[in-house]
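The values are calculated or read from the model by the stated rules, or taken from the named source; none is laboratory data. Computed from a predicted structure; not experimentally measured. Quick reminder, even Gly has a Cβ in these numbers, built from the backbone with ideal geometry, and neighbours come from all protein chains shown.
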Amino acid sequence: MKYIVCEKPGRFKLKEKSNPLKVAGEAIVSIKKIGICGTDLHAYTGNQAFFTYPRVLGHELAAEVLEIEENNQNIQVGDKVIVMPYISCGHCVACRNGKTNCCNKISVLGVHADGGMQEQISIPINLLIPANSLSYEEMAIAEPLAIGAHAVRRAQIQPNEFVAIIGCGPIGIGIMKLAQLAGAKVIAMDRDPGRLNYVKDKIGIDHTVLAGNTALDVIMEITDGEMATVVFDATGNKEALEKGINYMAFGGRYILVGLSKGKLEFDHPTIHAKETAIICSRNATLEDFKYVIAILEKGEFPVNSYITHNVGFTEMIPQFDSWLDPGNGVIKAIVNV
Ligand SMILES: [Zn+2]
Ligand SMILES: [Zn+2]
C-alpha cells in the first residue's frame with residue numbers, strides 16, 4: 001500500500017509498504033479523506049517544536065472499516081468511521097475525570113505517533129466513531145469542528161451574549177459558527193480583510209472587525225459599550241493573546257484555544273478588575289465529536305464553504321507548498337486517498 005511520510009521539514013515522500021495486520025483490540029481501516037490543518041503545515045515547515053521526523057502526518061481522518069472483531073460499540077466491517085486521533089491512557093487523573101482530551105500521557109496520531117496519510121492503518125477500536133449518516137467530506141472536518149465544540153462547551157455560552165472570536169482560521173471559523181448555533185451574537189476579528197469578507201459571506205457571521213488600532217472602538221460600538229462577555233483566541237499569536245483581554249466585558253470569560261510558544265503577560269489589576277476567567281481549551285472528547293456529528297447531520301454547518309481545496313493523494317505533495325501562502329485562501333484542504 002501507499003503512504004506519504006514527512007521525512008524532514010520541507011520534504012514529503014510517497015512510499016510503499018505492506019498492509020497492516022489485524023491485532024486484538026484494533027481495527028484495520030481504509031482511509032478515505034484527510035483534512036489538512038495548521039498543525040500539518042507547521043510540521044512540514046519545521047515550526048512545531050515537539051515534532052520528530054520522519055513522521056506520517058494526518059489526524060483529521062474519515063475512514064471505512066475493513067477488518068474488526070466483535071466490539072461493544074457494534075461497529076461492523078463496511079461502516080464509515082471518524083477516527084478520534086487522541087490516544088489517552090485511561091488511568092491518569094484527567095482520564096479518570098473524563099478529561100481524556102488533556103490526558104497527561106496523551107499521544108496524538110499524526111503528531112506524536114504516525115497518522116493517517118496511508119491507504120490503511122490499524123486503529124484501537126475505542127477511537128472509532130461510527131458516522132454512517134455523514135459524507136466522507138463531513139467526516140474529515142469533524143475533528144477541527146470538535147476542537148471548536150470543546151471550546152464552545154468550555155465557554156458555557158448563553159443565548160444572546162456577545163462572543164468575539166479572534167482569528168478566522170479553520171478553528172476560529174468552527175468556533176464562530178458553533179457559538180452562533182448556540183445562540184450567541186458573534187463578532188469575528190482578523191487582520192486579513194479577505195478572511196473577514198469570507199466569514200461574512202460564506203459562513204454567515206454578522207459582525208466582522210479588522211484587527212488593529214480601531215478594533216476596540218468598533219467592538220465597543222457593536223456591544224453598546226459593554227464589550228464581549230466571551231472572547232476566544234484562535235490565533236495562538238502572543239500579541240493577539242495579550243490584547244484579546246481588552247475586548248472582554250467585566251465579568252467575562254477568556255478562552256485560549258490557539259497555543260503560543262512562550263510566556264504571556266497580563267496586567268493583573270486589569271484582569272482582576274474584570275474578574276476574568278481565563279480558560280484554556282485543548283483537543284476534544286468523544287462528547288464533542290458526537291455533538292459535531294449531530295450538527296453535520298442537521299446540515300447546520302456550511303461544509304462546502306469551509307472546504308476550500310480538494311486534491312488527490314499523490315497530488316498533495318506538489319501542492320502542499322502553495323497551501324502555506326495565505327494569498328491562496330486555504331481554509332480547509334482535503335486529501336482524497
Ligand atoms: Zn487539525
Ligand atoms: Zn490519561
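Quick notes on this structure:
- Within region 144-164, the set of residues being out of contact with any helix residue (DSSP H, G or I) (no Cβ under 8 Å at 6 or more places or on another chain) and at negative phi comprises 154, 158, 159, 161.
- Residue within region 140-154 that is surrounded by fewer than 21 Cβ atoms within 10 Å (Cβ to Cβ), assigned to a loop (DSSP other than H, G, I, E, B) and in contact (Cβ under 8 Å) with a residue 24 or more places away in the chain present: no
- Some residue of region 308-315 being in contact with a Leu (Cβ under 9 Å, 6 or more places away or on another chain) and either assigned by TED's automatic domain parsing to the domain that holds residue 191 or more than 21 Å from residue 168 (Cα to Cα) (or both): yes
- Subset of region 247-281 (residues that are under 15 Å from residue 219 (Cβ atoms) and outside any helix (DSSP H, G or I)): 248, 249, 250, 252, 254, 274
- Some residue of region 5-15 being away from ligand 1 (no atom under 16 Å from the Cβ), of a type in the set (Val, Ile, Thr) and either assigned to a loop (DSSP other than H, G, I, E, B) or closer than 21 Å to residue 287 by Cα (or both): no
- The residues of region 178-189 that are without any contact (Cβ under 8 Å) to a residue 40 or more places away in the chain and surrounded by fewer than 24 Cβ atoms within 10 Å (Cβ to Cβ), listed by number, are 180, 182, 183, 185.
- Among the residues of region 233-290, just one is farther than 30 Å from residue 87 by Cβ, among the hydrophobic types (A, V, I, L, M, F, W, C) and within 21 Å of the chain's Cα centre (by Cα), namely 240.
- Pick from region 32-51, criterion within 15 Å of ligand 1 (Cβ to nearest atom) and assigned to a strand (DSSP E or B), ranking: farthest from residue 140 (Cα to Cα): 36
- Condition met for residue 110 (surrounded by 14 or more Cβ atoms within 10 Å (Cβ to Cβ), at pLDDT 95 or above and of a type outside the set (D, E, K, R)): yes
- Test result for residue 135, assigned by TED's automatic domain parsing to the domain that holds residue 65, hydroxyl-bearing (Ser, Thr, Tyr), within 21 Å of residue 331 (Cα to Cα) and surrounded by fewer than 23 Cβ atoms within 10 Å (Cβ to Cβ): yes
- Unique match (being in contact (Cβ under 8 Å) with a residue 40 or more places away in the chain, of a type outside the set (Lys, Arg) and touching a Pro at 6+ places or on another chain (Cβ under 7 Å)) among 175, 121: 121
- Exactly one residue out of 204, 244, 225, 194 is in a loop (DSSP other than H, G, I, E, B) and more than 27 Å from residue 293 (Cβ to Cβ): that is 225.
- The sole residue among 102, 95 that is surrounded by 15 or more Cβ atoms within 10 Å (Cβ to Cβ), of a type outside the set (Gly, Ala, Ser) and without any contact (Cβ under 8 Å) to a residue 12 or more places away in the chain is 95.
- In region 71-84, the residues that are touching a residue at least 40 places away in the same chain (Cβ under 8 Å) and within 22 Å of residue 60 (Cβ to Cβ) never reach a residue that is of a type in the set (D, E, K, R) and surrounded by fewer than 13 Cβ atoms within 10 Å (Cβ to Cβ) with C-beta atoms less than 7 angstrom apart, at least six apart or across chains.
- Region 89-112: number of residues that are within 15 Å of ligand 2 (Cβ to nearest atom) and closer than 28 Å to residue 1 by Cβ: 4
- Residue tally, condition β-branched (Val, Ile, Thr), within 15 Å of ligand 1 (Cβ to nearest atom) and not in a loop (DSSP other than H, G, I, E, B), over region 81-138: 3
Let's see how each residue does on (1) in contact with a Lys or Arg (Cβ under 6 Å, 6 or more places away or on another chain); (2) among the β-branched types (Val, Ile, Thr); (3) under 23 Å from residue 191 (Cα atoms):
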| site | (1), (2), (3) |
| --- | --- |
| 261 | no, no, yes |
| 268 | no, no, no |
| 285 | no, yes, no |
| 331 | no, yes, yes |
